[in-house]
Amino acid sequence: MTAPALLFSRRALVGTAIALGVFPSRLLAQRSAELIAGTYAREGGPGLVPLTASPGGWVAGRPLGTIRNASFGVRASANGVRYLLDEQEKGRLGVYDRGLKPLGDFSTLGADPCHAALSPDGGILAVANYSSGSVAVWRIDRDTGRPMGEAQLAVHSGSGPNRARQAGPHAHWVGFAMGGKLLHAVDLGADAIFAHLLDPRSGAIVSTSLAYRAPAGSGPRHLARHPRLRIAYLVSELANTVTILAARPDGTFAAKGVVSTLPAAFSGPSTAAHIMVNSRGTRLYVSNRGHDSIAVFAIDADGGLKLLQHAGSGGKGPRLFLLIEERGEMLVANQRSGNVARLPLGKDGRLGAAAYGTAIPGVVFLSA
């Protein structure tokens with residue numbers, strides 16, 4: 001695959017200058033870090049990479065080599081503090097101010113943290129530890145953005161029939177419900193969504209229960225909630241499906257239907273990854289690694305799904321994508337080919353042909 005063409009705009013030249021080390025690194029956060037891309041060091045990733053918008057696309061700036069293996073992260077809307085995960089055997093949580101100055105480094109009390117979420121008020125942070133099948137929860141000081149004390153830990157139990165992937169629990173996604181009183185955790189290894197009841201004052205985990213039992217061997221990965229309906233969409237990595245879930249008032253879910261993320265005629269190996277609903281709640285997007293596509297679904301008035309298209313991801317192994325509706329585009333982190341592809345986003349929610357975009361080895365994460 002050929003390298004992308006250089007973009008010779010004024011902002012591109014700024015990005016290029018940063019990449020060449022002409023400007024001090026603090027300028028990265030002040031003027032040009034409109035997006036960030038996280039990478040895996042073991043796959044040649046250079047660290048945390050800033051991406052600057054230009055008329056012709058996105059330009060990669062000088063990487064922050066001190067932030068390695070940032071597989072996921074979240075940002076507090078009130079103060080801009082970022083919480084970035086260091087996905088390693090001894091998982092770490094790095095806390096940074098809006099200028100990416102380190103504020104602290106904390107153990108996630110588990111292995112390979114891969115997803116994080118902030119409560120609606122920004123007062124609780126949760127992290128999913130994949131390999132150890134556990135969830136860590138911190139109370140956050142909203143003045144400083146720093147976690148207070150050691151995390152509370154909940155360890156999942158369960159396994160599935162796929163012994164290579166489901167020998168034990170693998171927490172893969174966390175998200176808050178009921179105003180922060182409940183934390184849902186999707187577990188690929190246990191074929192389950194767990195519900196952790198929280199004490200909103202202390203952040204302590206009060207109890208854990210089963211919110212939904214997924215089909216055996218399906219390997220649920222991520223959950224996306226509809227912005228208006230009491231509906232959630234569960235993407236299962238191993239089954240390559242999206243399950244439409246009715247969200248009950250008690251925090252449990254009931255399945256309403258299942259659709260495949262792959263074309264009917266496709267028979268090769270593939271695993272579903274990221275899932276997202278657009279801001280209007282009219283379209284749902286899922287990435288397929290192997291088929292290397294983005295599946296686009298229309299969302300009916302009752303939350304049902306109808307397949308609209310499969311758009312090529314512009315690379316190999318689309319792990320995560322970012323929907324930028326105000327710019328009319330989707331950015332896709334293609335892990336295996338090491339590029340952030342650009343796909344035009346139509347007013348009808350369909351995707352156009354992908355451009356290779358920006359080369360970033362080992363890219364796995366994108367965030368505003």
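The values are calculated or read from the model by the stated rules, or taken from the named source; none is laboratory data. Computed from a prediction, not measured in an experiment: that's the story for all the values here. Here the Cβ is made from the backbone with ideal geometry for all residues, glycine too, and neighbour counts use every protein chain on show. SASA here: full protein model, heavy atoms, side chains in, ligands and nucleic acids out. Shrake-Rupley method; radii C 1.70, N 1.55, O 1.52, S 1.80 Å.
Structure above, values below:
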{"item": "Cα gyration tensor shape of segment 261-368, rounded if a/c is under 1.5, else prolate or oblate by comparing a/b with b/c", "result": "oblate"}
{"item": "Relative contact order (percent, whole number), segment 228-368, Cα cutoff 8 Å, 6+ residue spacing", "result": "15 percent"}
{"item": "For segment 241-282, the fraction of alpha-carbon pairs in successive 10 Å shells from zero, as %", "result": "20, 42, 30, 8"}
{"item": "Accessible area in square angstrom per residue, the chain, 1.4 angstrom probe", "result": "42 Å²"}
{"item": "Net +/- balance of residues flanking residue 315 in space, Cβ distance below 9 Å, scoring K and R +1, D and E -1", "result": "+1"}
{"item": "Kirkwood hydrodynamic radius over Cα pairs of the chain, then Stokes diffusion coefficient at 10 °C and 1.306 mPa s, in µm²/s", "result": "77 µm²/s"}
{"item": "Sequence-distant residues sharing a close amide H with residue 317 (under 5 Å, placed H)", "result": "290, 292, 336"}
{"item": "For the chain: relative contact order, % (alpha-carbon pairs under 8 angstrom, 6 or more apart)", "result": "11 percent"}
{"item": "Student exercise, the chain dipole from Lys, Arg, Asp, Glu Cβ charges, in Debye to nearest 20", "result": "560 debye"}
{"item": "Share of carbon and sulfur in the accessible heavy-atom surface of segment 191-326 [1.4 Å probe, %]", "result": "53 percent"}
{"item": "Net charge over other residues, Cβ less than 15 angstrom from the Cβ of residue 283 (K, R count +1; D, E count -1)", "result": "+2"}
{"item": "Built amide H within the under 5 Å cut-off of residue 305, gap 5+", "result": "300"}
{"item": "For residue 221, residues with placed amide H under 5 Å, excluding near neighbours", "result": "235, 236, 237"}
{"item": "Among the listed pairs 256/347; 90/316; 181/306; 181/256, those beyond 30 Å (Cα-Cα)", "result": "181/306"}
{"item": "Residue-averaged [θ]222 nm for the chain, counting only DSSP H segments that reach four residues, each worth -39500 (n - 2.57)", "result": "-1000 deg cm²/dmol"}
{"item": "Formal net charge of residues neighbouring residue 363 (Cβ-Cβ distance under 11 Å; K, R +1; D, E -1)", "result": "+1"}
